[in-house]
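Working notes, structure below.
The values are calculated or read from the model by the stated rules, or taken from the named source; none is laboratory data. Keep in mind it's a predicted model, so treat the numbers as computed, not measured. For neighbour counting, all protein chains shown are included, and Cβ atoms are generated from backbone atoms with ideal geometry for every residue, glycine included.
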Amino acid sequence: MQNLICDIDGDGIATVTLNRPAKRNALNAATIEELIALFSALPGSGARAVVLRAEGPHFCAGLDLVEHGQAERTPAEFMRLCLRWHEAFNKIEYGGIPVIAALKGAVVGGGLELVSSVHIRVMDETTYFGLPEGQRGLFTGGGATIRVPALIGKARMVDMMLTGRLYAGDEAVQVGLAQYRTVDSEAKARELARAAAQNTELSNFAICSGISHMQNMSGLDAAYAEATLAGIVNTQDAARGRLDAFAKGTGVKIKPA
């Protein structure tokens, strides 16, 4: 890979790094193909959780506008490229492995589309979110219309696109763009990844794929799918020791820190 770096430690925590800092980690066509390949392979790699981070001061400035301008794509060519973006981000959202993003600097345009596909977003004090497509004569093509309203609502997304409004600080957490705000987003992301990695693999698979699938179903179909998943997950052999520990009062206590 040329634009991504991936390492997996002995605890099964994979670190995936966007590695185009000179371009503010803008997503070109090659990076999208690398994301597809990597997140297709990770579920079978032994990885139990993923920290998604970036080199340089910015997480991701979105679509590589220089490449886009120079490519002079036809509408059909750009449509096919957008579908590859969807493929990449679907691999992240539906892959069944917890993906925690450590955010900093710009998370705009396609960068916000990318992080809206992960399961937990951790921002630092420099992080800001935007959808500047409207000001650039563009429109989102990598899933923003699907995922961003699910986080912040349609009205806020429309406002961001029409006016160039940016979100940062506590306001970004309050509207749902990030779940955590901290001084060191990478350290917090690793802490959360290690916590998630302690869950059973099947439980994480259900959480990190089943919930998203059910959001796309009718209420009746979602109820059936949830019951089916619960039947499988809640009778798994890997949970028996944990259930026994709970019954004996020796299990992990669920209480405020």
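Give all pairs with beta carbons closer than 6 Å in which a residue from segment 77-91 that is farther than 10 Å from Gly141 by Cα meets a residue that is surrounded by 15 or more Cβ atoms within 10 Å (Cβ to Cβ) and not hydrophobic (A, V, I, L, M, F, W, C); count only pairs at least 6 apart in sequence or on separate chains.
Going by the 6 Å Cβ cut-off, the qualifying pairs are Phe89/Ser117; Phe89/Gly143.
Does Ser185 satisfy the criteria of being under 22 Å from Ile92 (Cα atoms) and either in the same structural domain as Leu103 (by TED's automatic domain parsing) or without any contact (Cβ under 8 Å) to a residue 60 or more places away in the chain (or both)?
Yes.
Regarding Val148, is this residue in the same structural domain as Lys104 (by TED's automatic domain parsing), among the hydrophobic types (A, V, I, L, M, F, W, C), buried (at least 18 other Cβ atoms within 10 Å of the Cβ) and in contact with a helix residue (DSSP H, G or I) (Cβ under 7 Å, 6 or more places away or on another chain)?
Yes.
Residue by residue, here is whether (1) surrounded by 12 or more Cβ atoms within 10 Å (Cβ to Cβ); (2) over 30 Å from Leu35 (Cβ atoms) holds:
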residue: Thr182; (1), (2): yes, no
residue: Gly210; (1), (2): yes, no
residue: Asn216; (1), (2): no, no
residue: Gly231; (1), (2): no, yes
residue: Thr250; (1), (2): no, yes
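So which of Ala54, Ala61 ends up being surrounded by 21 or more Cβ atoms within 10 Å (Cβ to Cβ), in contact with a Lys or Arg (Cβ under 6 Å, 6 or more places away or on another chain), under 29 Å from Gln215 (Cβ atoms) and at pLDDT 95 or above?
Ala61
Scanning segment 1-35 for residues that are out of contact with any helix residue (DSSP H, G or I) (no Cβ under 7 Å at 6 or more places or on another chain) and assigned to a strand (DSSP E or B), which turns out farthest from Pro57 (Cα to Cα)?
Ile8
Test Arg165 against the criterion of being outside any loop (DSSP other than H, G, I, E, B), in the same structural domain as Leu42 (by TED's automatic domain parsing), at pLDDT 95 or above and of a type outside the set (A, V, I, L, M, F, W, C), and give yes or no.
The answer is no for Arg165.
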